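Q: I'd like to ask some things about the structure below.
The values are calculated or read from the model by the stated rules, or taken from the named source; none is laboratory data. What you are looking at is a predicted structure, and each value in this text was computed from that prediction instead of being measured. Note that each Cβ is placed from the backbone with ideal geometry, even for glycine, and that neighbours are counted across all protein chains shown. Note: accessible area is taken over every heavy atom of the protein model, side chains too, but ligands, DNA and RNA are not part of it. Shrake-Rupley method; radii C 1.70, N 1.55, O 1.52, S 1.80 Å.
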Amino acid sequence: MPILIVDMGSQYTHVIWRAVRDLGKEGKIVQKDVSAKELSSATAVILSGGPSSVTKDNFHSLPAFIKGAKVPILGICLGHQLIAHTLGGKVVKGKNAEYGLSKIEVDKPGVLLAGLPRTFSAWVSHFDEVVKMPAGFVSLAHSDTCSTEAMENVKLRLFSTQFHPEVWHTENGEKILENFLKQV
Amino acid sequence: MAFSPEKFIFQSIDSIRATVGRERAVIAVSGGVDSSVAAVLSSRALGRRIACVFVDTGMMRKDEARKVKAMLARSGVRLSVIDASSLFFSRLKGVSEPEKKRKIIGKAFIDVFEKEAKKTKAKFLIQGTIAPDWIESGGGSRDTIKSHHNVGGLPKKMGLALVEPLRDLYKHEVRIVAAALGLPPEISQRQPFPGPGLAVRIVGDITPAKAEIVREACHIVEEELEAAVARKEIEKPWQYFAALLPTKTVGVRGDERAYQYTLVVRAVRSLDGMTANFSHLPPALLQRISTRITNEIREVGRVLYDITNKPPATVELE
């Protein structure tokens, strides 16, 4: 069974698909109105970024799926914000937008950032940010403008990053995706 | 299970044959690595049932038609060149909105190809569309960043069925396929060139005179950068070019006031075009480029270097 990559409108959804393929796994791109039934057949789910906002847009079956997930989920950018918002965290429009290069400082590698250097460059493209994580999550990294660049709840196998591990300009991005795929 | 060019070549030749069947096809070749690879794959799949066409829009690089024809001839692709520059310039006259320009160019391309298809009795149009083209053209919940002329710029009604053998590939993968097909480095390592050509490097309205300025400027940037790469002073950027702004600024030439165009030089690093950062070119190289442009092109009075990454900018200006 494939890893479902939910396209929430990111420019990089197909790049995620390519990265998953390059790591030897089969990925399948689905739209964000994917049915609960199809979601439940996945071995893992990756939620892409996207131009909309978690407080304004309709995410169909995704919130219920995140709440009851039995498979590992990785949220990227908007996907990261959707996990936080759905599980009781807080997402607001940040004071400063972040576009392009950002310096990520790892506070606690956890599972997702295991084996990464303490600081690395990552590519970001967002305005909204997670200002309060849901209960049970651990913040793994921050940048100058954003307090939660990555978070995880190992027990629930939920992982997420505000930056984009799938793009070439993010250092060690492939390692992050590999860490996630090890959970599958 | 990294990308395998042999498997890809085998599968796409099969799939082109299955799609086109016994019919004929016409392929749009720009001389870039994408369309060249698509042309070689199509020629291998369809033999004499494919017509390879290069449309000179008047917004191509310096000497492009002649160079591309010679390069591809060495790889067994017979190219016919159609000079459609007056059609393109007349339809673009007075248009400055970037998306409108791209749509006009897409439509003009199709008109030329439909005419060509009639002559050759082709039912299919093959294009070297790659993943970033359709990704950036929007669809689903994806915003339209720019309408690539081979996707979003295409008119909805088209008398030809579209075949896109490279749609799931990125540039670095196309280059691997090009090398596996035996294409020479001058094609496989060629820097990307946008489908609408120099039209997206002329901010604002387009005239043949402006196209000439930007063509010369791109040529100077290419010459100087490639020479620096050959001397091993810099690594080869992903893309490097000049773009013309509609703004004039004041200068002084030989003690006389001048009021001339502003030109932007851009060079970026990337793997796949999806993200990019501006190249840190040495000041001496920037100096040579700026001096040559302002001395060799009378209409340009000021040269800027673009220091924006993607995101938030894109590689090209429009």
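Q: Helix B:283-296 against the longest principal axis of chain B: what's the angle in degrees, Cα atoms only, rounded to the nearest 10?
A: Value to nearest ten degrees: 90.
Q: How far apart, in nm, are the 7 Å Cα→Cβ label points at residue A:114 and residue A:60?
A: 3.4 nm
Q: Sorted by accessible area (1.4 Å probe), largest first, how do B:23, B:116 line up?
A: B:23, B:116
Q: Shifting gears a bit: Roughly how many percent of the accessible protein surface of chain B is carbon and sulfur, given a 1.4 Å probe and a whole-percent answer?
A: Here it works out to 53 percent.
Q: Run the numbers on segment A:147-181: which residues show a drop of 20 Å² or more in accessible area, chain on its own versus all protein chains together, using a 1.4 Å probe over heavy atoms?
A: At a threshold of 20 Å² (probe 1.4 Å), the residues of segment A:147-181 that become less exposed are A:168, A:169.
Q: Checking an interface number: how much accessible area is buried between A and B, summed over both chains, with a 1.4 Å probe, in Å² rounded to 100?
A: That pair of chains buries around 2100 Å² in total.
Q: Which value, in Å² rounded to 10, gives the accessible area of residue B:60 with a 1.4 Å probe and all protein chains present?
A: The value for residue B:60 is about 20 Å².
Q: Rounded to whole Å and sorted largest first, list the principal axis extents of the Cα atoms in the protein assembly as shown.
A: 67, 66, 42
Q: Non-local amide H neighbours of residue A:162 (under 5 Å, H modeled in plane, Pro and chain starts lacking H): which ones?
A: A:77, A:150
Q: When only Cα pairs under 8 Å and 6 or more residues apart are kept, what is the percent relative contact order across chain B?
A: Reported relative contact order: 17 percent.
Q: If you count only protein heavy atoms with a 1.4 Å probe, what accessible area per residue comes out for segment A:24-105, rounded to a whole Å²?
A: Per-residue accessible area for segment A:24-105 comes out at 46 Å².
Q: Below 8 Å between Cα atoms, with a sequence gap of 6+, how large is the relative contact order for chain A in percent?
A: 21 percent
Q: While we're on this one: So in chain A, what percent of DSSP beta bridges are antiparallel if you round to the nearest 5?
A: Bridges in chain A that DSSP calls antiparallel: roughly 55 percent.
Q: Using only the Cα atoms of segment B:76-223, build the gyration tensor, take square roots of its eigenvalues as a ≥ b ≥ c, and label the shape rounded, prolate or oblate: rounded if a/c is under 1.5, else prolate if a/b is larger than b/c, else oblate.
A: Rounded, because the longest to shortest axis ratio a/c is under 1.5.
Q: Could you work out the relative contact order of segment B:219-318, using alpha carbon pairs under 8 angstrom and six or more residues apart, expressed as a whole percent?
A: Dividing the mean separation by the residue count of segment B:219-318 yields 28 percent.
Q: At 10 °C and 1.306 mPa s, grab the translational diffusion coefficient of segment A:43-184 from Stokes-Einstein with a Kirkwood Rh over Cα pairs, rounded to a whole number in µm² per second.
A: This corresponds to a translational diffusion coefficient of 108 µm²/s.
Q: On C-alpha positions alone, give me the angle between the axis of helix B:64-73 and the longest principal axis of chain B, in degrees, nearest 10.
A: With rounding to tens, the tilt is 40 degrees.
Q: Quick one: angle between helix B:208-230 and the longest Cα principal axis of chain B, in degrees between 0 and 90, rounded to 10, please.
A: Taking Cα atoms only, the helix is inclined about 90 degrees.
Q: Only protein chains counted, 1.4 angstrom probe. Which residues of segment B:121-149 are at least 10 Å² less accessible in the assembly than when their chain is isolated?
A: B:134, B:135, B:140, B:141, B:142, B:143, B:145
Q: Please list A:60, A:169, A:142 in order of solvent-accessible area, largest first, computed with a 1.4 Å probe with all protein chains present.
A: From most accessible down to least: A:60, A:142, A:169.
Q: Ordering A:107, B:111 by how much accessible area each has at a 1.4 Å probe, largest first, what is the list?
A: Solvent-accessible surface, decreasing: A:107, B:111.
Q: Along segment A:147-154, what does the Karplus equation 6.51 cos²θ - 1.76 cosθ + 1.60 (θ = phi - 60°) give for ³J(HN,Hα), rounded to whole Hz, x for Gly and Pro?
A: 7, 10, 8, 7, 8, 7, 10, 5
Q: A further question on this structure: Suppose all protein chains stay in the model; what accessible area per residue would a 1.4 Å probe give for segment B:159-293, in Å²?
A: I get 39 Å² per residue for this part.
Q: Got a sec to turn the phi values of segment A:26-32 into Karplus ³J(HN,Hα) couplings, 6.51 cos²θ - 1.76 cosθ + 1.60 with θ = phi - 60°, whole Hz, x for Gly and Pro?
A: Here the 3J(HN,Hα) series is 9, x, 9, 7, 10, 7, 6 Hz.
Q: Just to be sure I follow the rule: in segment A:1-90, considering lysines 8 or more places apart or on different chains, how many pairs have Cα atoms under 21 Å apart?
A: 11
Q: Determine the calculated [θ] at 222 nm for the protein assembly as shown from helices alone, applying -39500 (n - 2.57) to every DSSP H run no shorter than 4 residues and normalising by the residue count; nearest 500 deg cm²/dmol.
A: The helix contribution divided over the protein assembly as shown gives -10000 deg cm²/dmol.
Q: Moving to a separate point now. Please figure out what share of the DSSP beta bridges in the protein assembly as shown is antiparallel and state it in percent, rounded to the nearest 5.
A: 50 percent
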